[in-house]
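The values are calculated or read from the model by the stated rules, or taken from the named source; none is laboratory data. The model shown is predicted, which means the values in this text are computed figures rather than measured ones. Positions of Cβ are backbone-derived with ideal geometry, glycine not excepted, and every protein chain shown enters the neighbour counts.
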Amino acid sequence: MTDESKEKKSKGHIVDVENLDVDHRKFRITHYKMEENGHFTHELQSDWGGRDPVVDHSLEIVKEKIRIAKEKVLKGEISPIAYYMEKCITDLSTLAKYTGMATWRVKRHMKVKVFVKLKEETLKRYADFFEISVEELKDVEHIKP
Amino acid sequence: MKLNFDHMQLSAHCESGATVNMLGYYNIKISEPMVFGIGAGYYFGHLPFMKMNYSPATTFRALPGLCFSRACKNLGIAYERNTYSNPHKAMDELDRVLDKGIPVGVQVGVFHLPFFPPEYRMHYNMHNMVIYGKENDTYFVADSIVEGENKITFDELMRVRYAKGAFAPEGKMYYMKKIPETLDFKLPAIRGIKKTCHEMLDLPFWMVGVKGIRFYAKQLRKWPAKKGNKVASQYLMQSILSLEEIGTGGAGYRFIYGAFLNEAADLLQREELKELSIEMGEAGDRWRNFSYQGARNCKNRSEPEFSYDLLADIILDCADREEQIFKKLKKIKF
């Protein structure tokens, strides 16, 4: 039991979007509404009627992006950084800010040719944000299903 | 040490919720709609040049931080709001203020926030919460959106306070320094209403206010032809998310504002405000109508169930209603 919880902790804070199943009824937010007599009330609800398709749709888009990136990485068209970037729901500029590099550099590192020549320190910056080790980042076999 | 924070209220909007909770600590009873109205958090803006999640940003609220500062100014409360370039200095400052016995509000990014539900853990940096205690390495958090008592460790807090990306918080924290002995909500409420009327009607920019709603309808009509059904449904989804999901209390704060007008009517003894609150509720229903139908378009992406023209017509109707409401509201002499 303790080992399991430890493992969970060491896995980090980033949600695994790829395998995320949303429990739609778990999380409740305050919703206001108008009664027929013109008074306003509020209560905790998990739903406003059309919530599920919208949230599902937003996750679907993310998942699709991850899937496409994964295929491309396995084919060797782009570097694993692109895959992990999609996995963290990040875009280029945000990733550049987190790693402290210029956007064009990050974009350049998406090329496999450039990626294999990268220094350990640069890889470390990416790995820290993705919450994986440098070896995992380098190893393409790691992301195979 | 831990401050006495038993009365924490859950609320829809994180920033007004944080303000309510901070005021509640000083034994001031105020409802969330009241804070939202006094702080003039009501707004509309459609900004196609700003992308959120690869989609044009649509906002239904004022900029983060404005609701708190305006509410404090209008109520005559002295407050302090700062950002820090050095993370360690920011944490030291937080500890120092907490030791004085003052609850502190912080702006955070939700991506690394551990107690937040997983489906909302996107790069969204405008969340607000109140920190009311520290024990060893753990901080106690009153998050007005998540139920229950939440805790966060030192490292995690530092990380979320220094989230990067659009609207990065940069360690922003705010707290109240001095509160007047007697608080009267009448004048602040009037000031809040005036400010909102000004922002919705008079700003000379076509992307914000009532003009902004019309502009949004115009853009929405163009999406399917310009971008294709798939991208259009993605854009639509993003605007529905900011309309209904991210702590708006339903229909893009329209219901909260209606509740505020209703409360203000009792406070100021004005019957007109009560009528306007009902109209505001009806406008909210119309927005809700839009999000229901839009949600169905999201379900069936390639062949939209409702045409985008129809959706745009609903929004134009909303714009007309809101223009009517705010014009009437502006005319009332207090």
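Output yes when any residue across region B:62-82 is within 14 Å of chain A (Cβ to nearest Cβ) and surrounded by fewer than 24 Cβ atoms within 10 Å (Cβ to Cβ), and no when none is.
No, region B:62-82 has no match at all.
Determine whether B:SER16 is within 14 Å of another protein chain (Cβ to nearest Cβ), in a loop (DSSP other than H, G, I, E, B) and buried (at least 24 other Cβ atoms within 10 Å of the Cβ). Write out each step before concluding.
On the way: within 14 Å of another protein chain (Cβ to nearest Cβ): yes; in a loop (DSSP other than H, G, I, E, B): no; buried (at least 24 other Cβ atoms within 10 Å of the Cβ): yes.
For B:SER16, the condition - within 14 Å of another protein chain (Cβ to nearest Cβ), in a loop (DSSP other than H, G, I, E, B) and buried (at least 24 other Cβ atoms within 10 Å of the Cβ) - is not met.
Only one of A:ILE68, A:ILE78 is modelled with pLDDT of 85 or more, hydrophobic (A, V, I, L, M, F, W, C), surrounded by fewer than 15 Cβ atoms within 10 Å (Cβ to Cβ) and farther than 30 Å from B:SER31 by Cα. Can you tell me which?
A:ILE68
What are the residues in region B:248-282 that are under 19 Å from the mean Cα position of the chain (by Cα) and more than 10 Å from chain A (Cβ to nearest Cβ), if any?
Listed by number, the list holds a single entry, B:GLY252.
This table checks each residue for (1) at pLDDT 85 or above; (2) closer than 19 Å to A:LYS63 by Cα; (3) within 14 Å of chain B (Cβ to nearest Cβ).
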position	(1), (2), (3)
A:THR103	yes, no, yes
A:LYS107	yes, no, no
A:PHE130	no, yes, yes
A:SER133	no, no, no
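For region B:31-55, what are the residues that are within 24 Å of B:GLN234 (Cα to Cα), touching a helix residue (DSSP H, G or I) at 6+ places or on another chain (Cβ under 9 Å) and either among the polar types (S, T, N, Q) or within 14 Å of chain A (Cβ to nearest Cβ) (or both)?
Selection gives B:MET52, B:ASN53, B:TYR54, B:SER55.
Which one of the conditions (1) at pLDDT below 85; (2) more than 19 Å from B:THR59 (Cβ to Cβ) does B:VAL130 fail to meet, given that it meets all the rest?
(1)
What's the total number of residues in region B:143-176 that are over 19 Å from B:TYR120 (Cα atoms) and among the polar types (S, T, N, Q)?
Going through region B:143-176 one residue at a time, the tally reaches 1.
B:GLY212 - would you say it is modelled with pLDDT under 85 and in contact with a strand residue (DSSP E or B) (Cβ under 6 Å, 6 or more places away or on another chain)?
Judged against the criteria, B:GLY212 is not a match.
Anything in region B:31-81 that is within 15 Å of B:THR248 (Cα to Cα) and without any contact (Cβ under 8 Å) to a residue 60 or more places away in the chain? List them, or say none.
Within region B:31-81, B:VAL35, B:LEU63, B:CYS67 qualify.
Looking only at residues in region B:121-168 that are of a type in the set (A, V, I, L, M), assigned to a helix (DSSP H, G or I) and surrounded by 21 or more Cβ atoms within 10 Å (Cβ to Cβ), which one is nearest to the other protein chains (Cβ to nearest Cβ)?
Initial filter on region B:121-168 (of a type in the set (A, V, I, L, M)): B:122, B:126, B:129-131, B:141-142, B:145-146, B:152, B:157-158, B:160, B:163, B:166, B:168.
Filter once more, keeping what is assigned to a helix (DSSP H, G or I): B:157-158, B:160.
Right, trim to surrounded by 21 or more Cβ atoms within 10 Å (Cβ to Cβ) and you get B:157, B:160.
Numbers: B:LEU157: 12, B:VAL160: 9 Å.
Here the residue is B:VAL160.
Could you tell me whether any residue of region B:106-120 is more than 14 Å from every other protein chain (Cβ to nearest Cβ) and surrounded by fewer than 22 Cβ atoms within 10 Å (Cβ to Cβ)?
Among the residues of region B:106-120, not one is more than 14 Å from every other protein chain (Cβ to nearest Cβ) and surrounded by fewer than 22 Cβ atoms within 10 Å (Cβ to Cβ), which makes the answer no.
B:LYS218: in contact (Cβ under 8 Å) with a residue 60 or more places away in the chain, surrounded by fewer than 18 Cβ atoms within 10 Å (Cβ to Cβ) and more than 20 Å from B:ALA71 (Cα to Cα), yes or no?
Spelling it out, B:LYS218 is indeed in contact (Cβ under 8 Å) with a residue 60 or more places away in the chain, surrounded by fewer than 18 Cβ atoms within 10 Å (Cβ to Cβ) and more than 20 Å from B:ALA71 (Cα to Cα).
Out of the residues in region B:231-247 meeting the condition of being of a type in the set (Ser, Thr, Tyr) and buried (at least 23 other Cβ atoms within 10 Å of the Cβ), tell me which one is farthest from the other protein chains (Cβ to nearest Cβ).
Only one residue tops the list, namely B:SER239.
In region A:94-127, what count of residues is obtained for those that are closer than 24 Å to B:PRO118 by Cβ and either out of contact with any helix residue (DSSP H, G or I) (no Cβ under 8 Å at 6 or more places or on another chain) or surrounded by fewer than 14 Cβ atoms within 10 Å (Cβ to Cβ) (or both)?
2
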